Amino acid sequence: MRQLTETDRDAIRIAQDPKFARWVEQITAIGGCAHPVHLSGSTTTLDGDSGEIIRHYDTRTEPGERLLVRCRNRRATVCAPCSRLHAGDTFSLVRAGLIGGKDVPATVRHRPRLFVTLTAPSFGPVHSAGDRCRPRRARTECDHGRSLGCGAVHGTTDSQVGQPLCADCYDYTGHVLWHAHAAKLWDRFVIDVRRRLASSAGLVQSRFAQHARLSFARVAEYQKRAAVHVHAVVRLDGPNGPADEPPAWGTAELLIDAVRASARRVLVRTSYNSAVGELALGWGAQIDARPLHIDGDGPDDDAVAAYVAKYVTKGASETGAGTDHPLTDWGDIESAPVSEHVRTLMRTCWRLGGTPEYEPLRLRAWAHTLGYRGHVLTKSRAYSTTYAALRAERAHHMGHADMPAAITERHWRYVGSGHTPGAALIAAGVADDLAESRRLAVEAQQEGGRL
Ligand SMILES: [Zn+2]
Ligand SMILES: [Zn+2]
Ligand SMILES: [Zn+2]
């Protein structure tokens, strides 16, 4: 017989606890979260008029005198169950903005809607996948005498893809500074699209908001070359948002023209630095803007929502373009499990982060994401629902919502986090069971749909 490990013994200890059944209930309620937060405290709900206690919950009777709540981490490598939940919420959020639902009217599907991809510009030649890796231009060698193509045929998963052909030619400074300004560049881009739409409709720019509203949800993705690119759903509504028809001039064609023109022209200038100068940063030449049609001609709405949701579960580390945690010193950079290309980008962040002109960019604090400090998902207010609303809806279904016209007193404090090895084993089993029953439910639903 196999020797019992420490983990086994711990799991047995937990299973023998008299409150084990209730503990499993808690673990199930948080979906088998891998790093739950432990809270201690109570909630008392009093009747608003009589002051009578309607409900009282106290962790004193719970296993270990604590309540476990989800860690809510979006990253699959940190917590798979919470990451799945977050991806599901993202899917719902993006989908609602495309076809309605979650308090968004179904009429949004008739609005001009685009799926837009914007890339970073080139910072230097890199190994490319697909066709033979060869120079893109007439020159076959760089100034350092290095070949601008290695001649191999790289598969898309080949680790060489995206690595510079000459690290001395590669514009590491430009790459890092572009990342640091990417969120601002997006903001400028959106403002410029509005401005263009206004001028093509013959409106004064300041009047745009009285005629139409531009909404979006965007995600950032690290490409092979460790540069972020952006996927976004963009929608044009009337001035009051989702419930409001756009003006007659607001067509998908006009929106596409505005998006393309703005993506080509818009720039952000960096602060002047004596070593770098002042850079004018814009989007790369690869701009994709395609309309989403309701008649199924073009990408399917659900596919677009799923595509966008996929990216929120990935951090920079999953794509090899960074690490999970901020880097605290130069030594962290040297020991990070990343490619030499990514390490050079981190070093560049560290170096530039030490110059006063770039201080506001907080390049050292964001060296682990190569200077990019935008959120993974960003959306405009009127696009659709929010993560908070989706969580509140879930809490309501589970009966955790507060009753109206009642006074609730809460006293909570943080008492710890995570699992012991045995608890982690059991929680992972619960998470697997939940994933399996969800899969079966989806299959059953699909079966039902076919009949
Ligand atoms: Zn979790
Ligand atoms: Zn190559
Ligand atoms: Zn070179």
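The values are calculated or read from the model by the stated rules, or taken from the named source; none is laboratory data. Owing to the predicted nature of the structure, the values given are computational and were not obtained by experimental measurement. Cβ sites come from the backbone with ideal geometry, for glycine too, and all protein chains shown count toward neighbours. Keep in mind that these areas ignore ligands, DNA and RNA; they rest on the heavy atoms of the full protein, side chains included. Shrake-Rupley method; radii C 1.70, N 1.55, O 1.52, S 1.80 Å.
Determine, yes or no, whether ASP158 is away from ligand 1 (no atom under 16 Å from the Cβ), acidic (Asp, Glu) and surrounded by fewer than 14 Cβ atoms within 10 Å (Cβ to Cβ). Even if it seems obvious, please write down each step before you answer.
Details: away from ligand 1 (no atom under 16 Å from the Cβ): yes; acidic (Asp, Glu): yes; surrounded by fewer than 14 Cβ atoms within 10 Å (Cβ to Cβ): no.
For ASP158, the condition - away from ligand 1 (no atom under 16 Å from the Cβ), acidic (Asp, Glu) and surrounded by fewer than 14 Cβ atoms within 10 Å (Cβ to Cβ) - is not met.
Provide a single number: the residues in the stretch 164-187 that are crowded, with 17+ Cβ neighbours inside 10 Å and either more than 16 Å from ligand 2 (Cβ to nearest atom) or within 24 Å of the chain's Cα centre (by Cα) (or both).
Initial filter on the stretch 164-187 (crowded, with 17+ Cβ neighbours inside 10 Å): 164-166, 170, 172-183, 185-186.
With either more than 16 Å from ligand 2 (Cβ to nearest atom) or within 24 Å of the chain's Cα centre (by Cα) (or both) added as a condition, the list becomes 172-183, 185-186.
Counting residues in the stretch 164-187 that are crowded, with 17+ Cβ neighbours inside 10 Å and either more than 16 Å from ligand 2 (Cβ to nearest atom) or within 24 Å of the chain's Cα centre (by Cα) (or both) gives 14.
Any residue that is farther than 22 Å from THR385 by Cα, assigned to a loop (DSSP other than H, G, I, E, B) and within 16 Å of ligand 1 (Cβ to nearest atom) - is there at least one of those in the stretch 35-45?
Applying the first criterion (farther than 22 Å from THR385 by Cα) to the stretch 35-45 yields 35-45.
Checking the rest, the ones that are also assigned to a loop (DSSP other than H, G, I, E, B) come to 35-36.
Filter again for within 16 Å of ligand 1 (Cβ to nearest atom), leaving 35-36.
Yes, that holds for at least one residue.
Tally up the residues in the stretch 217-271 that are farther than 22 Å from ALA180 by Cα and not in a helix (DSSP H, G or I), please.
19
Mind listing just one residue for me: the one in the stretch 111-147 that is free of Cβ contacts under 8 Å to residues at least 12 places away in the same chain and either crowded, with 18+ Cβ neighbours inside 10 Å or of a type outside the set (Lys, Arg) (or both) and, of those, farthest from ligand 3 (Cβ to nearest atom)? Give the steps one after another, and end with the answer.
Taking the stretch 111-147 as the starting set, the residues that turn out to be free of Cβ contacts under 8 Å to residues at least 12 places away in the same chain are 137-141, 145.
Add one more test, that the residue is either crowded, with 18+ Cβ neighbours inside 10 Å or of a type outside the set (Lys, Arg) (or both), and what stays is 138, 140-141, 145.
Numbers: ALA138: 16, THR140: 12, GLU141: 8, GLY145: 8 Å.
Ranking the qualifying residues of the stretch 111-147, first place goes to ALA138.
Exactly one of these conditions fails for TRP330: (1) at pLDDT 90 or above; (2) open to solvent by less than 40 Å² (accessible area, probe 1.4 Å). Give me its number.
(2)
Given the residues GLY31, GLY41, which is the only one that is assigned by TED's automatic domain parsing to the domain that holds SER437, open to solvent by less than 40 Å² (accessible area, probe 1.4 Å), under 30 Å from ASP301 (Cβ atoms) and not hydrophobic (A, V, I, L, M, F, W, C)? Don't jump to the end; show me each part of the working.
Details: GLY41 fails: under 30 Å from ASP301 (Cβ atoms).
Going through GLY31, GLY41 in turn, just one is assigned by TED's automatic domain parsing to the domain that holds SER437, open to solvent by less than 40 Å² (accessible area, probe 1.4 Å), under 30 Å from ASP301 (Cβ atoms) and not hydrophobic (A, V, I, L, M, F, W, C): GLY31.
For the stretch 79-100, does any single residue satisfy the condition of being part of a helix (DSSP H, G or I), under 18 Å from ALA435 (Cα atoms), among the β-branched types (Val, Ile, Thr) and open to solvent by less than 20 Å² (accessible area, probe 1.4 Å)?
Yes, that holds for at least one residue.
Filter the stretch 84-97 down to the residues that are within 19 Å of ALA34 (Cβ to Cβ) and either in the same structural domain as VAL442 (by TED's automatic domain parsing) or among the basic types (Lys, Arg) (or both) and list them by number.
The one that is within 19 Å of ALA34 (Cβ to Cβ) and either in the same structural domain as VAL442 (by TED's automatic domain parsing) or among the basic types (Lys, Arg) (or both): ARG84.
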